[in-house]
(Lines give C-alpha, C1' and ligand atoms only; values in the text may rest on other atoms or scores of the structure.)
Protein backbone atom coordinates (compact mmCIF):
# COMPACT_ATOMS: atom_id res chain seq x y z
CA UNK A 1 0.00 0.00 0.00
CA UNK A 2 1.27 3.48 -0.86
CA UNK A 3 2.39 5.64 2.06
CA UNK A 4 1.35 8.85 0.24
CA UNK A 5 -1.45 8.47 -2.30
CA UNK A 6 -2.92 11.35 -4.36
CA UNK A 7 -5.82 10.48 -6.65
CA UNK A 8 -6.84 13.15 -9.21
CA UNK A 9 -6.19 16.03 -6.80
CA UNK A 10 -7.08 19.60 -7.81
CA UNK A 11 -6.85 22.72 -5.64
CA UNK A 12 -8.34 26.17 -6.14
CA UNK A 13 -7.43 28.58 -3.35
CA UNK A 14 -10.97 29.89 -2.81
CA UNK A 15 -14.56 29.46 -3.99
CA UNK A 16 -14.33 32.36 -6.45
CA UNK A 17 -11.32 30.79 -8.19
CA UNK A 18 -13.01 27.39 -8.11
CA UNK A 19 -16.07 28.86 -9.84
CA UNK A 20 -13.74 30.16 -12.58
CA UNK A 21 -11.93 26.80 -12.81
CA UNK A 22 -8.69 28.53 -11.83
CA UNK A 23 -6.52 25.96 -10.05
CA UNK A 24 -3.13 26.15 -8.33
CA UNK A 25 -2.51 22.44 -8.97
CA UNK A 26 -4.48 20.04 -11.13
CA UNK A 27 -4.88 16.35 -11.90
CA UNK A 28 -2.22 15.18 -9.45
CA UNK A 29 -1.86 11.42 -9.25
CA UNK A 30 1.01 10.31 -7.06
CA UNK A 31 1.90 7.11 -5.24
CA UNK A 32 4.85 7.10 -2.85
CA UNK A 33 5.98 3.84 -1.25
CA UNK A 34 6.91 3.38 2.41
CA UNK A 35 10.37 4.85 3.10
CA UNK A 36 10.74 6.41 -0.37
CA UNK A 37 12.68 9.66 -0.83
CA UNK A 38 11.14 11.84 -3.55
CA UNK A 39 12.15 15.26 -4.85
CA UNK A 40 9.97 17.76 -6.70
CA UNK A 41 11.52 20.28 -9.08
CA UNK A 42 10.03 22.83 -11.44
CA UNK A 43 9.87 26.52 -12.30
CA UNK A 44 8.97 29.12 -9.66
CA UNK A 45 5.25 29.40 -9.02
CA UNK A 46 4.44 25.95 -10.35
CA UNK A 47 2.73 24.74 -7.17
CA UNK A 48 5.51 22.88 -5.36
CA UNK A 49 4.76 24.52 -2.00
CA UNK A 50 1.01 24.07 -2.58
CA UNK A 51 1.66 20.35 -3.01
CA UNK A 52 3.42 20.33 0.38
CA UNK A 53 0.43 22.01 2.05
CA UNK A 54 -1.88 19.38 0.58
CA UNK A 55 0.37 16.55 1.75
CA UNK A 56 0.48 17.82 5.33
CA UNK A 57 -3.24 18.61 5.51
CA UNK A 58 -2.73 22.38 5.75
CA UNK A 59 -4.90 22.68 2.62
CA UNK A 60 -7.79 20.46 1.59
CA UNK A 61 -8.21 19.58 -2.10
CA UNK A 62 -11.08 21.03 -4.12
CA UNK A 63 -11.35 17.69 -5.92
CA UNK A 64 -9.83 14.26 -5.46
CA UNK A 65 -8.54 12.37 -2.42
CA UNK A 66 -5.31 12.21 -0.45
CA UNK A 67 -4.29 9.33 1.84
CA UNK A 68 -1.17 9.29 4.01
CA UNK A 69 -0.15 6.19 5.95
CA UNK A 70 -3.42 4.48 5.03
CA UNK A 71 -5.73 7.22 6.35
CA UNK A 72 -7.55 10.02 4.51
CA UNK A 73 -6.05 13.47 5.11
CA UNK A 74 -8.73 15.59 6.80
CA UNK A 75 -6.58 18.15 8.64
CA UNK A 76 -2.99 18.90 9.74
CA UNK A 77 -0.95 15.72 10.17
CA UNK A 78 0.89 14.91 13.39
CA UNK A 79 3.04 12.26 11.73
CA UNK A 80 5.03 14.76 9.63
CA UNK A 81 7.95 17.06 10.34
CA UNK A 82 8.84 20.12 8.25
CA UNK A 83 11.89 22.27 7.59
CA UNK A 84 12.10 25.34 5.36
CA UNK A 85 14.70 27.53 3.65
CA UNK A 86 14.79 29.87 6.67
CA UNK A 87 15.59 27.85 9.83
CA UNK A 88 13.17 30.06 11.87
CA UNK A 89 14.71 29.11 15.21
CA UNK A 90 13.38 31.13 18.14
CA UNK A 91 16.20 33.56 19.07
CA UNK A 92 15.45 33.50 22.81
CA UNK A 93 15.71 29.71 23.07
CA UNK A 94 18.89 27.67 23.14
CA UNK A 95 19.61 25.13 20.40
CA UNK A 96 18.42 22.32 22.67
CA UNK A 97 15.20 24.14 23.59
CA UNK A 98 14.51 24.93 19.94
CA UNK A 99 14.83 21.26 19.03
CA UNK A 100 12.53 20.29 21.93
CA UNK A 101 9.78 22.69 20.82
CA UNK A 102 7.59 20.13 18.92
CA UNK A 103 7.54 17.88 22.00
CA UNK A 104 6.14 20.78 24.02
CA UNK A 105 3.26 21.44 21.61
CA UNK A 106 2.40 18.15 19.84
CA UNK A 107 0.32 15.51 21.57
CA UNK A 108 0.88 12.97 23.01
CA UNK A 109 4.28 14.41 23.98
CA UNK A 110 2.88 17.68 25.28
CA UNK A 111 1.03 15.96 28.13
CA UNK A 112 4.16 13.97 29.01
CA UNK A 113 6.72 16.74 28.59
CA UNK A 114 7.20 17.72 32.24
CA UNK A 115 7.56 14.14 33.44
CA UNK A 116 9.77 12.98 30.55
CA UNK A 117 11.81 16.15 30.03
CA UNK A 118 15.16 14.53 30.92
CA UNK A 119 14.51 11.66 28.49
CA UNK A 120 13.47 14.11 25.76
CA UNK A 121 16.58 16.26 26.36
CA UNK A 122 18.76 13.16 25.99
CA UNK A 123 16.96 12.30 22.73
CA UNK A 124 17.54 15.85 21.43
CA UNK A 125 21.23 15.75 22.40
CA UNK A 126 21.71 12.44 20.59
CA UNK A 127 20.03 13.85 17.48
CA UNK A 128 22.16 17.01 17.59
CA UNK A 129 25.29 14.85 17.92
CA UNK A 130 24.35 12.86 14.80
CA UNK A 131 24.30 16.07 12.72
CA UNK A 132 27.56 17.39 14.14
CA UNK A 133 26.10 19.74 16.77
CA UNK A 134 27.16 17.86 19.89
CA UNK A 135 28.29 20.42 22.48
CA UNK A 136 26.18 23.23 20.98
CA UNK A 137 23.05 22.52 23.05
CA UNK A 138 23.33 25.73 25.11
CA UNK A 139 24.23 28.03 22.21
CA UNK A 140 21.62 30.48 20.94
CA UNK A 141 20.72 30.70 17.23
CA UNK A 142 22.67 33.93 16.76
CA UNK A 143 25.79 32.08 17.93
CA UNK A 144 25.44 29.50 15.12
CA UNK A 145 26.34 29.71 11.44
CA UNK A 146 23.58 29.38 8.83
CA UNK A 147 24.50 25.75 8.21
CA UNK A 148 24.42 24.97 11.93
CA UNK A 149 21.01 26.63 12.26
CA UNK A 150 19.67 24.49 9.42
CA UNK A 151 21.05 21.32 11.07
CA UNK A 152 19.22 22.30 14.26
CA UNK A 153 16.07 22.98 12.22
CA UNK A 154 16.20 19.46 10.73
CA UNK A 155 16.67 18.02 14.23
CA UNK A 156 13.60 19.96 15.39
CA UNK A 157 11.61 18.48 12.47
CA UNK A 158 12.70 14.94 13.44
CA UNK A 159 12.58 15.09 17.26
CA UNK A 160 9.04 13.66 17.50
CA UNK A 161 10.12 10.77 15.24
CA UNK A 162 7.73 11.55 12.37
CA UNK A 163 6.99 9.02 9.66
CA UNK A 164 7.39 11.71 7.00
CA UNK A 165 9.77 14.66 6.59
CA UNK A 166 8.84 17.53 4.27
CA UNK A 167 11.62 19.86 3.19
CA UNK A 168 10.88 23.09 1.29
CA UNK A 169 14.13 24.45 -0.23
CA UNK A 170 15.96 23.61 3.03
CA UNK A 171 19.49 24.34 1.76
CA UNK A 172 18.74 27.10 -0.76
CA UNK A 173 20.22 29.95 1.30
CA UNK A 174 23.52 28.19 2.06
CA UNK A 175 26.87 28.28 0.27
CA UNK A 176 27.73 25.35 -2.00
CA UNK A 177 30.11 23.61 0.41
CA UNK A 178 27.71 23.81 3.36
CA UNK A 179 24.84 22.67 1.14
CA UNK A 180 26.73 19.55 0.09
CA UNK A 181 27.68 18.80 3.71
CA UNK A 182 23.99 18.92 4.63
CA UNK A 183 23.06 16.65 1.72
CA UNK A 184 25.26 14.05 3.38
CA UNK A 185 23.76 14.72 6.82
CA UNK A 186 20.24 14.25 5.42
CA UNK A 187 21.31 11.15 3.45
CA UNK A 188 22.71 9.55 6.62
CA UNK A 189 19.65 10.39 8.75
CA UNK A 190 17.33 8.94 6.09
CA UNK A 191 19.40 5.80 5.57
CA UNK A 192 19.43 5.16 9.33
CA UNK A 193 15.68 5.67 9.90
CA UNK A 194 13.99 5.32 6.46
CA UNK A 195 11.21 7.84 7.09
CA UNK A 196 9.50 9.15 3.97
CA UNK A 197 10.97 12.37 2.57
CA UNK A 198 9.40 14.87 0.19
CA UNK A 199 11.99 17.45 -0.88
CA UNK A 200 11.05 20.56 -2.85
CA UNK A 201 14.12 22.11 -4.45
CA UNK A 202 15.35 24.23 -7.35
CA UNK A 203 18.72 22.44 -7.22
CA UNK A 204 18.72 19.61 -9.76
CA UNK A 205 22.01 18.17 -8.46
CA UNK A 206 20.51 18.06 -4.98
CA UNK A 207 17.43 16.22 -6.22
CA UNK A 208 19.44 13.61 -8.14
CA UNK A 209 21.93 13.04 -5.31
CA UNK A 210 19.31 12.54 -2.61
CA UNK A 211 16.14 11.13 -4.15
CA UNK A 212 14.88 7.74 -5.28
CA UNK A 213 12.45 9.48 -7.65
CA UNK A 214 12.39 13.03 -9.05
CA UNK A 215 9.13 14.62 -10.27
CA UNK A 216 9.05 17.65 -12.55
CA UNK A 217 6.09 20.02 -12.16
CA UNK A 218 4.72 22.14 -14.97
CA UNK A 219 4.10 25.88 -14.75
CA UNK A 220 0.90 26.76 -12.89
CA UNK A 221 -1.55 25.20 -12.67
CA UNK A 222 0.99 22.69 -11.46
CA UNK A 223 0.84 19.07 -12.52
CA UNK A 224 3.46 16.34 -12.62
CA UNK A 225 4.70 15.90 -16.18
CA UNK A 226 7.89 13.86 -15.68
CA UNK A 227 8.68 11.05 -13.25
CA UNK A 228 12.35 10.06 -13.22
CA UNK A 229 13.61 7.07 -11.23
CA UNK A 230 17.17 7.72 -10.02
CA UNK A 231 18.89 4.40 -10.42
CA UNK A 232 22.28 5.42 -9.06
CA UNK A 233 23.39 2.85 -6.46
CA UNK A 234 23.18 3.66 -2.76
CA UNK A 235 24.81 4.66 -0.50
CA UNK A 236 25.82 7.66 -2.64
CA UNK A 237 28.79 9.86 -1.82
CA UNK A 238 29.66 13.24 -3.31
CA UNK A 239 32.07 11.70 -5.84
CA UNK A 240 29.03 10.37 -7.73
CA UNK A 241 28.10 13.96 -8.62
CA UNK A 242 31.16 14.11 -10.94
CA UNK A 243 30.29 10.95 -12.87
CA UNK A 244 28.74 10.80 -16.33
CA UNK A 245 25.57 8.87 -15.27
CA UNK A 246 24.85 11.56 -12.66
CA UNK A 247 25.43 14.52 -14.98
CA UNK A 248 23.37 12.84 -17.73
CA UNK A 249 20.35 12.70 -15.40
CA UNK A 250 20.85 16.33 -14.34
CA UNK A 251 21.05 17.42 -17.99
CA UNK A 252 17.90 15.45 -18.84
CA UNK A 253 15.95 17.14 -16.02
CA UNK A 254 17.35 20.53 -17.01
CA UNK A 255 16.07 19.91 -20.54
CA UNK A 256 12.55 19.29 -19.26
CA UNK A 257 12.57 22.45 -17.14
CA UNK A 258 14.13 24.49 -19.96
CA UNK A 259 11.30 23.38 -22.24
CA UNK A 260 8.75 24.44 -19.61
CA UNK A 261 10.33 27.89 -19.25
CA UNK A 262 10.09 28.41 -23.00
CA UNK A 263 6.48 27.23 -23.00
CA UNK A 264 7.25 24.18 -25.13
CA UNK A 265 6.16 20.64 -24.46
CA UNK A 266 8.69 18.76 -22.30
CA UNK A 267 11.10 16.40 -24.00
CA UNK A 268 10.11 12.71 -23.80
CA UNK A 269 11.35 11.13 -20.56
CA UNK A 270 14.24 8.72 -20.95
CA UNK A 271 13.82 5.23 -19.53
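Return the pairs, sorted by first residue and then second, in which the second residue is in a loop (DSSP other than H, G, I, E, B) and buried (at least 20 other Cβ atoms within 10 Å of the Cβ), the first residue lies in segment 159-185 and is without any contact (Cβ under 8 Å) to a residue 40 or more places away in the chain and at negative phi, the beta carbons are less than 7 Å apart, and the residues are 6+ apart or on different chains.
What qualifies is 179/171; 182/171.
For (1) within 17 Å of the chain's Cα centre (by Cα); (2) at pLDDT 95 or above, each residue gets a yes or a no:
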site: 138; (1), (2): no, yes
site: 141; (1), (2): no, yes
site: 146; (1), (2): no, no
site: 160; (1), (2): yes, no
site: 163; (1), (2): yes, no
site: 173; (1), (2): yes, no
site: 179; (1), (2): yes, no
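Out of segment 59-109, which residues are touching a strand residue (DSSP E or B) at 6+ places or on another chain (Cβ under 7 Å) and over 25 Å from residue 182 (Cβ atoms)?
59, 61, 62, 63, 64, 65, 66, 67, 68, 72, 73
What about residue 251, is it loosely packed, with under 15 Cβ neighbours inside 10 Å and out of contact with any strand residue (DSSP E or B) (no Cβ under 6 Å at 6 or more places or on another chain)?
For residue 251, the condition - loosely packed, with under 15 Cβ neighbours inside 10 Å and out of contact with any strand residue (DSSP E or B) (no Cβ under 6 Å at 6 or more places or on another chain) - is met.
Is it the case that some residue within segment 63-74 is touching a helix residue (DSSP H, G or I) at 6+ places or on another chain (Cβ under 6 Å) and closer than 26 Å to residue 99 by Cβ?
Looking for residues that are touching a helix residue (DSSP H, G or I) at 6+ places or on another chain (Cβ under 6 Å) and closer than 26 Å to residue 99 by Cβ, one finds none in segment 63-74, hence no.
Are there any pairs, at least 6 apart or on different chains, whose C-beta atoms fall under 9 Å, with the first in segment 252-271 and at positive phi and modelled with pLDDT of 50 or more and the second surrounded by 11 or more Cβ atoms within 10 Å (Cβ to Cβ) and outside any helix (DSSP H, G or I), and if so, which?
Close Cβ pairs (under 9 Å, with a partner that is surrounded by 11 or more Cβ atoms within 10 Å (Cβ to Cβ) and outside any helix (DSSP H, G or I)) amount to 263/219.
Those residues that are modelled with pLDDT under 95 and outside any strand (DSSP E or B), I need them from segment 196-228; list them, please.
Scanning segment 196-228 gives 201, 202, 203, 218, 219, 220, 221, 223.
Just to check your reading of the model, which residue among 75, 57, 70, 47 is under 19 Å from the mean Cα position of the chain (by Cα) and in contact (Cβ under 8 Å) with a residue 60 or more places away in the chain?
Answer to the check: 47.
Check 182, 165, 174 and return the single one that is crowded, with 18+ Cβ neighbours inside 10 Å, in contact with a helix residue (DSSP H, G or I) (Cβ under 7 Å, 6 or more places away or on another chain) and assigned to a loop (DSSP other than H, G, I, E, B).
Being crowded, with 18+ Cβ neighbours inside 10 Å, in contact with a helix residue (DSSP H, G or I) (Cβ under 7 Å, 6 or more places away or on another chain) and assigned to a loop (DSSP other than H, G, I, E, B) holds for just one of 182, 165, 174, which is 174.
Specify the residue that is surrounded by the fewest Cβ atoms within 10 Å (Cβ to Cβ); the eligible residues are those in segment 111-147 that are part of a helix (DSSP H, G or I) and in contact with a helix residue (DSSP H, G or I) (Cβ under 6 Å, 6 or more places away or on another chain).
113
Taking the conditions exactly as written (farther than 30 Å from residue 145 by Cβ and either in a strand (DSSP E or B) or without any contact (Cβ under 8 Å) to a residue 12 or more places away in the chain (or both)), does residue 245 satisfy them or not?
no
The values are calculated or read from the model by the stated rules, or taken from the named source; none is laboratory data. As the structure is a prediction and not an experimental result, all values here were calculated from the model. Glycine also receives a Cβ, built like all others from the backbone with ideal geometry; neighbour counts cover every protein chain displayed.
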